[in-house]
Structures are given as structure tokens and as C-alpha cells.
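Participant: This is the structure I have questions about; it appears just below.
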Amino acid sequence: MSSDARSTAILILNILDKGRKTLDMVLEDTDSTITSLPQNDRALLHALVYGVLRWRGRLDWILDHFSKTRLNRIDPRILNILRIGLFQIIFLNRIPVSAAVNTSVEMAKSFAAPWTVRFVNALLRKSAAGHKSVPFPNPDENPISALAAKKSFPQWLVKRWHQRFGFEETEKLCDSINSIPPITLRTNTLITTREYLIQTMKGAVGKPEPTTYSPDGIFFFKSKKPIRELEAFKNGFFQVQDEAAQIVSYVLRPKAGETVLDACAGLGGKTGHIAQLMQNRGSIMAMDKDEKKLLRLESVMFQLGISNVKTRIHNLEVPFDVGSFPFFDRVLLDAPCSGLGVLRRNPDIKWRMSKNKLDCLSKRQVKFLDHLAGVVKPSGVLVYSVCSTEPEENEDVVKTFLKKHPEFVIHGLCSKPIDGNDTEYWKNTEIGSEKLPLQICRLMNQEGYLKTFPHRNHMDGFFVVCFKRKN
């Protein structure tokens, strides 16, 4: 394996440490460097970056055990070299320990003093020899510290999960988040069917299978080529989208001929799905504050064969000029959030997020709902979704919004609470129905909240609720 993969991984981790960009942003910025690497090196690069971010807490616990210098006094660049070296030693069996140590030492030589290089060499060799015998906190005496260190999560996050779920379920949640998630696609039903997409993908990816809850999704774990190089992608047969995100558009239930606002459209994952459910008829306004994202969205819509989407630049921090802004049958706010529900795919978030940020995000989400409430038609719906399962961004936002806006109520989408033994099914569940399919209703509780969890549903953690404006 070339050390270029390791050097690029160090570059990415060092940029992330500055706290100004997310992992997705950094990967996009370094895309040309990454794509220039041989395929094996690209695989190693992604394994190192995602692996270190997933297991940083556990790696640091082991390094701190053997190091005479406290980790907070080590140059962050050196610390990332140590993490990458130790990750290879513990998790990548195909890489010899000597190779992991030597490549780490060589990277340190490029900028560090000789004594620092010797420190890297000695610490990695000690850790390689003794990492299996390093003691972790006793879960009976201190369950929070035990889970945080062994499962690699910040203590504040483990503490809140432990309070809500208990030790065993929190452990399962941590394990699920630390597992490598499948690649999930949403079929573009304007062009093809899920069954045909599965047949088309056979041979190009490893064992494609249909998703459990979304009628449009398929998933697999390995692809022989980058997704954007697959013929099915070039032909517009699918968009990459987790199953939980696909369910959001079903909760919106858009109908052909309606007017719909996708208020934080981003790159158009949900916009494309809404257009599919509307059979490319009616009108969708895809809105975002980022003009570059909207330009890319327009390109994606063209590739998918979608023609009923128009874009508009607007920052939801600013109220609408109601006199010059249209009203909509359905509005989707897929709100900016902590992202704590998508840690499987974005492990950098757990090291950047904090309780204080959750409170700030919650207030912002309520503000966005405030501004959107006025552009929903009477009897229209407003769907709020976030890729987070934290109460501040879930139930707390709903309660605050309903208190400020008594003209809205939670719209019941299922006839009654559904449990695993229920055999009842609704006769009218086709596109355009006011009822959700049974398999999606199983995810909804009595309050009308739809919540998904990685360890329970094998998908990202999402919260979705549908508000209906009184006539």
C-alpha cells in the first residue's frame, strides 16, 4: 500500500481538527487528490479516515495508557499520526505491524524533530505489544466512562443515551453506529422499477437487496466501482439516499398536480423523491440559501428526467415577504440539525457536537418553522424532519411550535398504533392516500412521531412529524 493514502488521510484529519469544515466538505475539497489514487489506496484512505473517526476515543484511551506525555500536550498532527498507526495495528489485519509503525514514523519525520519521531516509534511499538491488555473502566462501577472509552463516544453523549435507554440498549446503539453502514439507493421510479434496478445492479455491486420499509430502496455493502461511475447512475436510475431519508417524503405524501415547497433542499435528495411521488406533475419549489447547491440540484433533476422543479435562493433565517411569496399545499422542512442520527455515515459529528449546540439548533429549527407556517395553505401540511433522535431537536421543537401556532395540529397518518403482531392493513395505500403504508406506520408512535434508530431499524436515526393547518 502506498503511503500517499496515509498522507492524505492525515491531511483530512488535520483539517477536521480545525473545526471549520465537516468531513463531507473536506472529502469534496480533496476529491481530485483522492480520485488520483489507485483503487486500493482509495479504499485504504477511506478505511483510515472513517476508522480513526469512529474509534478515536478508544485509540486515545490506549495511547494515553502507554504515553508518558498527556495527549492534550501532543502536537495534534503527531496525535493523528499515532491514531492512524494504532488503528492499522488493531483493526486492519492485512497490514503488518511493522508497516503500520514504519509508515507512521516516516510521516512524522517529514516535519517533526528527531526526539518526536523516536517518541512516535516507541509509543506505537508499546501500544502494538500491549493494547489487548489495556484495562478499561468497570461498567458496574462507572457505566458511562466504560461505554465512552470502549465504544469510542464522548461522555456527554453516552450519558444522555444511558439516561434514556439504559446500559444494554446504549451499548447496542453504540455498536450499531460503529458498524459500517450499507450503501442505500432510492429507485427513480419515473424511469425504472426497484425490481429492474436490482437486476441491473447485480454483478456491479455485492448482492443488492430491497429495503424493509421504503418501497423504493435497495441496499448493498460493496461496489466494484465508485457509485458515480456505474451505468445505472449515469442513466439516472437512482439517487443515493438512506432508507430513513426516503421515508420522509412518504410522510409528506405529495400528490400529482399540487404545489410543494422543499424549504432546505440542499442537493435535492428529497426533492427528487417528491417529484417521483408526484409523477413529475405539479410544481415543486426547491429552496436553499446556497446557490452552488441549487445549481447542482438542477443538474441532478435533469439527470433524473425531472421537469417540475424550480429553484429559489432564500435564507430561512429571514421571514418571507408574504405579499410576494406563493402559498403551498405541502411544505417540507428537512431542517439543519446536529446530525447525531447519521453518525454511522458521518462519525466526525460526535467529536464536534455539544449540548450547547443542541440548544442553539433547537431554537433555530423553531424559527424556521415559524417562518414557514405562514406559507402553508389552509388544510395544507407542514412536515418537519431532522436526522437526529435528540429530544431538543424532536419533541421539544414540536411542543414549542404548536404552542406558538395553534392553527396547526399533528396530522395522524395511521388509523391506530401498530404493533408487530397487527395484521390489519389499509385498503387505500396507493400514492396520494392520506394513510401511510403499514410498514412505515410501524415506525410511528401514538403521538404521531415517526422515529428511527440505527440499532432498532438498521437505518439512520430520523425524527419526522406532519403538521396540518386547520381550515
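The values are calculated or read from the model by the stated rules, or taken from the named source; none is laboratory data. Remember, predicted model here, so these are calculated numbers, not experimental data. We place every Cβ from the backbone using ideal geometry, glycine too, and count neighbours over all the protein chains shown. Quick note on the areas: whole protein, heavy atoms, side chains included, nothing else; ligands and nucleic acids left out. Shrake-Rupley method; radii C 1.70, N 1.55, O 1.52, S 1.80 Å.
Here is a yes/no grid of residues against (1) closer than 21 Å to Ala9 by Cβ; (2) under 32 Å from the mean Cα position of the chain (by Cα):
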| site | (1), (2) |
| --- | --- |
| Ser104 | yes, yes |
| Ser110 | yes, no |
| Trp115 | no, no |
| Leu124 | yes, no |
| Ala129 | no, no |
| Pro139 | no, yes |
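Residue by residue, here is whether (1) within 22 Å of the chain's Cα centre (by Cα); (2) of a type in the set (Val, Ile, Thr) holds:
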site: Ser249; (1), (2): yes, no
site: Pro254; (1), (2): no, no
site: Gly257; (1), (2): no, no
site: Leu261; (1), (2): no, no
site: Gly269; (1), (2): yes, no
site: Ile274; (1), (2): yes, yes
site: Asn280; (1), (2): no, no
site: Ala286; (1), (2): yes, no
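Participant: Also, quick follow-up: Do you know which residues across the range 307-352 are of a type in the set (Gly, Ala, Ser), at pLDDT 95 or above and within 19 Å of Gly380 (Cβ to Cβ)?
Facilitator: Scanning the range 307-352 gives a single hit, Ala335.
Participant: Also: Taking the condition of being farther than 14 Å from Ser214 by Cα, in contact with a helix residue (DSSP H, G or I) (Cβ under 8 Å, 6 or more places away or on another chain) and of a type in the set (S, T, N, Q), how many residues in the range 444-462 meet it?
Facilitator: Of the residues in the range 444-462, 0 are farther than 14 Å from Ser214 by Cα, in contact with a helix residue (DSSP H, G or I) (Cβ under 8 Å, 6 or more places away or on another chain) and of a type in the set (S, T, N, Q).
Participant: Hey, another quick one. Which count do you get for residues in the range 299-318 that are under 19 Å from Asn280 (Cα atoms) and open to solvent by 80 Å² or more (accessible area, probe 1.4 Å)?
Facilitator: Total satisfying the criteria: 4.
Participant: Still on this structure, I have one more. Sort through Thr311, Thr259, Thr211 and tell me the only one that's more than 26 Å from Phe328 (Cα to Cα) and among the polar types (S, T, N, Q).
Facilitator: Of the residues listed, the single one that is more than 26 Å from Phe328 (Cα to Cα) and among the polar types (S, T, N, Q) is Thr211.
Participant: Residue check: is Ala122 surrounded by 13 or more Cβ atoms within 10 Å (Cβ to Cβ) and either of a type in the set (Phe, Trp, Tyr) or part of a helix (DSSP H, G or I) (or both)?
Facilitator: Taking the combined requirement at face value, the residue satisfies it.
Participant: What number of residues within the range 125-169 satisfy the criterion of being acidic (Asp, Glu) and either in a helix (DSSP H, G or I) or surrounded by 14 or more Cβ atoms within 10 Å (Cβ to Cβ) (or both)?
Facilitator: 2
Participant: Related question: Looking at (1) in a strand (DSSP E or B); (2) over 20 Å from Leu190 (Cβ atoms), can you tell me which one Cys264 breaks?
Facilitator: Single failed check for Cys264: (1).
Participant: Right, something else. State which residue pairs qualify: first residue touching a residue at least 12 places away in the same chain (Cβ under 8 Å) and open to solvent by 80 Å² or more (accessible area, probe 1.4 Å) and inside the range 99-110, second residue of a type in the set (S, T, N, Q) and assigned to a helix (DSSP H, G or I) in any location, beta carbons under 7 Å apart, and separation of 6 or more residues or different chains.
Facilitator: Pairs that qualify, where the first residue is touching a residue at least 12 places away in the same chain (Cβ under 8 Å) and open to solvent by 80 Å² or more (accessible area, probe 1.4 Å) and the partner is of a type in the set (S, T, N, Q) and assigned to a helix (DSSP H, G or I), are Glu106/Ser3.
Participant: Related question: Which residues, taken from the range 363-408, are among the hydroxyl-bearing types (Ser, Thr, Tyr), open to solvent by 10 Å² or more (accessible area, probe 1.4 Å) and part of a strand (DSSP E or B)?
Facilitator: Passing the criteria: only Ser379.
Participant: Has the range 67-78 got at least one residue that is modelled with pLDDT of 95 or more, under 33 Å from the mean Cα position of the chain (by Cα) and hydroxyl-bearing (Ser, Thr, Tyr)?
Facilitator: No, the range 67-78 contains no residue that is modelled with pLDDT of 95 or more, under 33 Å from the mean Cα position of the chain (by Cα) and hydroxyl-bearing (Ser, Thr, Tyr).
Participant: Regarding Lys202, is this residue closer than 30 Å to Phe237 by Cα, free of Cβ contacts under 8 Å to residues at least 24 places away in the same chain, over 21 Å from the mean Cα position of the chain (by Cα) and open to solvent by 50 Å² or more (accessible area, probe 1.4 Å)?
Facilitator: The answer is yes for Lys202.
Participant: For the range 62-74, indicate whether the set of residues that are of a type in the set (Asp, Glu) and open to solvent by less than 60 Å² (accessible area, probe 1.4 Å) is non-empty.
Facilitator: Taking every residue of the range 62-74 in turn, at least one turns out to be of a type in the set (Asp, Glu) and open to solvent by less than 60 Å² (accessible area, probe 1.4 Å).
Participant: Surrounded by fewer than 20 Cβ atoms within 10 Å (Cβ to Cβ), part of a helix (DSSP H, G or I) and touching a residue at least 24 places away in the same chain (Cβ under 8 Å): is that true of Thr116 in this structure?
Facilitator: Taking the combined requirement at face value, the residue satisfies it.
Participant: Here's another thing I want to ask about it. Counting only residues that are in a loop (DSSP other than H, G, I, E, B), open to solvent by 20 Å² or more (accessible area, probe 1.4 Å) and more than 13 Å from Gly374 (Cα to Cα), how many does the range 319-353 have?
Facilitator: Matching residues across the range 319-353 total 5.
Participant: Can you tell me which of (1) open to solvent by less than 70 Å² (accessible area, probe 1.4 Å); (2) aliphatic (A, V, I, L, M); (3) touching a Leu at 6+ places or on another chain (Cβ under 8 Å); (4) in contact (Cβ under 8 Å) with a residue 24 or more places away in the chain is the one Ala256 doesn't meet?
Facilitator: (3)
Participant: Given the structure, is Lys357 free of Cβ contacts under 8 Å to residues at least 24 places away in the same chain, in a helix (DSSP H, G or I) and either over 20 Å from the mean Cα position of the chain (by Cα) or under 26 Å from Asp321 (Cβ atoms) (or both)?
Facilitator: No: the conditions fail for Lys357.
Participant: What do you reckon, is Arg296 part of a loop (DSSP other than H, G, I, E, B), open to solvent by 20 Å² or more (accessible area, probe 1.4 Å) and either free of Cβ contacts under 8 Å to residues at least 12 places away in the same chain or of a type in the set (Lys, Arg) (or both)?
Facilitator: When the stated conditions are applied, Arg296 does not pass them.
Participant: Still on this structure, I have one more. Could you tell me whether the range 416-438 includes any residue that is outside any loop (DSSP other than H, G, I, E, B), open to solvent by 10 Å² or more (accessible area, probe 1.4 Å) and modelled with pLDDT of 95 or more?
Facilitator: Within the range 416-438, none of the residues are outside any loop (DSSP other than H, G, I, E, B), open to solvent by 10 Å² or more (accessible area, probe 1.4 Å) and modelled with pLDDT of 95 or more.
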